[in-house]
Amino acid sequence: MRVETVWLGRGGQGIVTATYIVANAAVIDGFYALANPEFGAERRGAPVKAFLTIDKSPIEDQEPVKTPDVVVIFDDKLIDTMRFAIDAVKPGGHVIVNTAKSPEEMKKIIGRNDVYLVLLDAVGIALKHVGLPVPNGPLAGAFSKVMGFPRLESIKTAFETQLGKAVEENFAATKEAYETALVVPPERVEQAAKPKGVISTTSAFLTGPYEIVGWPEVSKAGAVFPGSSLFYATGGWRLEKPVIDHSKCIMCRKCWMYCPDDAVVEAWKEVQGPRGRVFRMKVIDFDYQYCKGCAVCADVCPTGAIKMVREI
């Protein structure tokens, strides 16, 4: 019995920690486990993937998982960009998603009727028990529920080894997820059916497909300019987004000055005056295509005009 899994999320969500915790718990229960993360430069919010294989027999190969039995998604905003990971799940497998959306919405978004869909608001559960938007414990609990292993007691022991603190809080979140995760069974599973695709083992998995330009398309001057961050939208990285109350904004532009991604912009807004006259004025706005939700703007705002609002 071998179970191959892929865990997808963003830096800072505890993806690597989650795989280590589940792997350690599985070993406590008498299984063999191999957890190997894969990521580029360590940046909070950047896409991260991790492989976890659990078996009753020794695991000799360390190849990345290409057709997983289970995919665990830490952020439902990742689904569109990592659709191929969902397509690679074996028919009859499981897709575990941290989401606040309804089962009907998620069935349409996932687009497969031959896999088990496991849904839970892991961030909400983590905020309730741990006080941080880190969904790794709840998702480990959901994994235990649908797979039947590792045991919750073993996960708690792994918490003690891996975390060293906040064990009770994390275990409470894990236990609630175990008890409340919603399992939507597949409509049909064809015998001997194969996955729609396989997971790429290149770095394009994280950043998307690259455009290969042949020599005839290269500038005759020999100059090739980098795409720069304009071509790399990072708005999907965030867990929260900034929202501004213009009635409190004094246009000091500290948010614009300190934003690390140039995502704070000025925009024209039509405002109605006291006599009904409509005039235009400049206001602070946000370019959500590039905003990572770092909350620096909210921290430096002297009037408290900017608040962070949860998105997932």
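The values are calculated or read from the model by the stated rules, or taken from the named source; none is laboratory data. Everything numeric in this text was worked out from a predicted model, so none of it was measured. Counting neighbours? That spans all protein chains shown, and the Cβs are built from the backbone with ideal geometry, glycine included.
Of the residues making up region 140-187, those that are closer than 20 Å to D121 by Cβ and among the acidic types (D, E) are E169, E176, E179.
Within the group D55, D61, which residue is charged (D, E, K, R), surrounded by fewer than 17 Cβ atoms within 10 Å (Cβ to Cβ) and at pLDDT 95 or above? Spell out the reasoning first.
Numbers: D61 fails: at pLDDT 95 or above.
Sole residue among the options that is charged (D, E, K, R), surrounded by fewer than 17 Cβ atoms within 10 Å (Cβ to Cβ) and at pLDDT 95 or above: D55.
Of everything in region 276-295, what is farther than 18 Å from K248 by Cβ and either of a type in the set (S, T, N, Q) or not in a strand (DSSP E or B) (or both)? Give them in sequence order.
Initially, region 276-295 is screened for residues farther than 18 Å from K248 by Cβ, giving 276-280, 287-294.
Passing the criteria: G276, R277, D287, Y288, Q289, Y290, C291, K292, G293, C294.
Okay, residues lined up against (1) over 18 Å from G236 (Cα atoms); (2) at pLDDT below 90:
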position	(1), (2)
M251	yes, no
D261	no, yes
E270	yes, yes
R275	yes, yes
R280	yes, yes
V283	yes, no
K292	no, yes
E311	no, yes
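When region 293-312 is filtered for residues that are among the aliphatic types (A, V, I, L, M) and touching a strand residue (DSSP E or B) at 6+ places or on another chain (Cβ under 6 Å), the ones remaining, listed by number, are A295, A298, A305, I306, M308, V309.
In this structure, T19 qualifies as assigned by TED's automatic domain parsing to the domain that holds L152, in a helix (DSSP H, G or I) and touching a Pro at 6+ places or on another chain (Cβ under 9 Å).
Please go through region 240-275 and give me each residue that is among the basic types (K, R) and either assigned to a strand (DSSP E or B) or out of contact with any Ser or Thr (no Cβ under 6 Å at 6 or more places or on another chain) (or both), ordered by number. Scanning region 240-275 gives K241, R253, K254, K269, R275.
Look at A122 and say whether it is of a type in the set (A, V, I, L, M), closer than 20 Å to E4 by Cα and buried (at least 24 other Cβ atoms within 10 Å of the Cβ). Full working, then the answer.
Working: of a type in the set (A, V, I, L, M): yes; closer than 20 Å to E4 by Cα: no; buried (at least 24 other Cβ atoms within 10 Å of the Cβ): yes.
Criteria not met by A122.
I'm checking my understanding of the structure. Among residues of region 80-107 that are over 18 Å from V198 (Cβ atoms) and among the β-branched types (V, I, T), which one is farthest from the chain's Cα centre (by Cα)? Steps first, please.
Of region 80-107, the ones over 18 Å from V198 (Cβ atoms) are 80, 96-107.
Subsequent filtering for residues that are among the β-branched types (V, I, T) retains 96-97, 99.
Working: I96: 12, V97: 9, T99: 10 Å.
Among those that are over 18 Å from V198 (Cβ atoms) and among the β-branched types (V, I, T), it is I96.
Annotation for region 158-172: no member residue is in contact with a helix residue (DSSP H, G or I) (Cβ under 9 Å, 6 or more places away or on another chain), aliphatic (A, V, I, L, M), modelled with pLDDT of 65 or more and exposed (fewer than 15 other Cβ atoms within 10 Å of the Cβ).
A Cβ distance below 6 Å, combined with a sequence gap of six or more or placement on separate chains, defines the contacts here; from region 26-38, residues that are within 16 Å of P64 (Cα to Cα) and assigned by TED's automatic domain parsing to the domain that holds V72 reach residues that are hydrophobic (A, V, I, L, M, F, W, C) and crowded, with 16+ Cβ neighbours inside 10 Å in the pairs A33/A23; A33/A26; A33/I54; A35/A23; A35/L52; N36/F51; P37/V16; P37/A50.
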